[in-house]
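I have a structure I would like to understand better, so I am pasting it below and will then ask my questions one at a time.
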Amino acid sequence: MKEKFNLFREQYRKNPAWCWLVFMLLAFPVLPEYLSPFVLFAGFIIFKKYWSNIKNKALLGDVGKFMFMYTIYMVASGIWSKTHIFSSLVGMLWMGCFLMYVFLANTVNSNEKLKKAITFINISSGIIGLIAVIEMISFAISLRTGDIEHRFPNPFYYNINGKFFDALPFEVVHKRYASRASSTFDNPLILATFLVITSPFCAFGSTFFVHSRNRKLSRVCWFFSLAGIIATTSRGAYIAAALGIIIFLFSLTRNRELFRKALPFVVLLSVAVPVGLVVRYKNSSTDFLSSNTNRFDVWHSCYNIFMDDVKTVFIGLGSGTENIHTLLRDTYLIDRTHAHNLFLELLLEGGLFGLAIFAYIFIIAVKMLYELSKHPKKIYTQYTVLYISSLIGFLAMSLFEHTLQSPKELMTFFMLFGFMEATHRIAFDEAQKTPDSVEEVLEDEYRDNIDTEKETEKEIANA
């Protein structure tokens, strides 16, 4: 134990920014929504100080520049928004969570760090999924015993959240979700968004990590990550998770052994999803296929809001859900806080101009992934599949839900793009070096030479 502590202290001395990033990847999904950003802010201060000491600059990249532009636009939208302060604060929250992208894209500067960072987010995903499973087991037991009082908290921080949200100057939806897991998030849909993005990371680790111990750990995390998605009983999340897995499996069709190892997780999802839907149907107090205010009614009303005013068409109502919530409630008598569709939500908040900036971020990302897929080293093609699976899952989930409404959702979104940026820089030798990354690069080159020699020996033996 003392040796491990001394090793960590030595690592922290060499690169405190990396150590804080590891802690943040483990902690931010587990902490409450209102604490996670402060962990990020503290970590970014340490990163910036360390980066200045070693004479490095925090680089943004093309994706980062347009992300930053979008956050500035969201802050500026407070000028024409009817809720000036709220819209400006939401824009500032986006700007603060954007630091996740900057922090990760610069700190992860070697293949060794990239693999470790993926391992730590896998562990977080597994822990979150495990808590969701415990919540549903506790719910099932309470139905049998009738002991509702001692049921495992769902959301996990429900009691603490109530005291915090009551102190805020605006309304925050805060309620229990007994029959649908929320884990450490505020509702099942926010949990589903996180797990849909992170479960492909677990799939990647369980398939492509070199060390057997890391692969086994990732498989356990993948199992609980998928189980957590199932526990949300979110139909949109089921579709998104299925798409992500299909894309990932398609990339394995040429390797029968890897395909065979990943197949049980598909069987798990295909068997458990119908069970989850049946459970939700049995425990739903409203009609399974429609709620009091059907999503189609919400979407139609949001379209009418968008078309009612020329200003809204071009520059939107202003960032945040408050303007949309007020119009839906007062004009259309629909008590919904947002558009239940990310793209419609962003269109209403930022108009065509805002949506164009946001769409261009994805265009640049696709271009970056295309370049990554053409890299001569096969590992970067595998990373490309990972990121495409996460992106497709996120976009599919976004068709049914506002997937960027909470701090932890925003941090997860920027984390994904930070991983993509870091991988691209490492692949094309554009990552800024740190004293510890030079050693890691030499180790990577040594392992590559060993792998090349083994492949050559196999070719000679086969010949």
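Values in this text are rule-based calculations from the coordinates and carry no lab data. Please read all numbers here as calculations on a predicted model, not as lab measurements. Cβ: placed from backbone, ideal geometry, glycine included. Neighbour counts: every protein chain shown.
From zero outward in steps of 5 Å, how is the percent of C-alpha pairs of the range 93-252 spread across the bins?
1, 9, 15, 16, 18, 16, 12, 7, 4, 1, 0
Can you give me the relative contact order of the range 174-235 as a percent, contacts being Cα pairs under 8 Å and 6 or more apart?
38
Of Lys115/Lys433; Lys48/Lys115; Lys82/Lys163, which ones are farther than 25 Å apart at the Cα?
Lys82/Lys163
Principal axes first, then extents: for the Cα atoms of the range 338-380, list largest minus smallest coordinate on each axis, whole Å, largest first.
43, 20, 7
Starting from 0.36 nm per residue, how many nanometres of slack lie between Leu333 and Glu10 once their C-alpha separation is accounted for?
Full extension from Leu333 to Glu10 adds 110.2 nm.
What whole number of Å gives the distance from the Cα centroid of the range 326-385 to the Cα centroid of the range 79-137?
The range 79-137 and the range 326-385 have Cα centres spaced 16 Å from each other.
If the chain between Lys175 and Ile46 were fully stretched, how many nm would it gain, using 0.36 nm times the residue separation less the Cα-Cα distance?
Residue separation times 0.36 nm, minus the Cα-Cα distance, leaves 42.8 nm.
Cα-based Rg (one decimal) and Dmax (whole number) for the range 1-128, in Å?
16.7, 58
Next question. Please list 49-61, 94-106 highest first by mean number of surrounding beta-carbon atoms within 10 Å per residue.
94-106, 49-61
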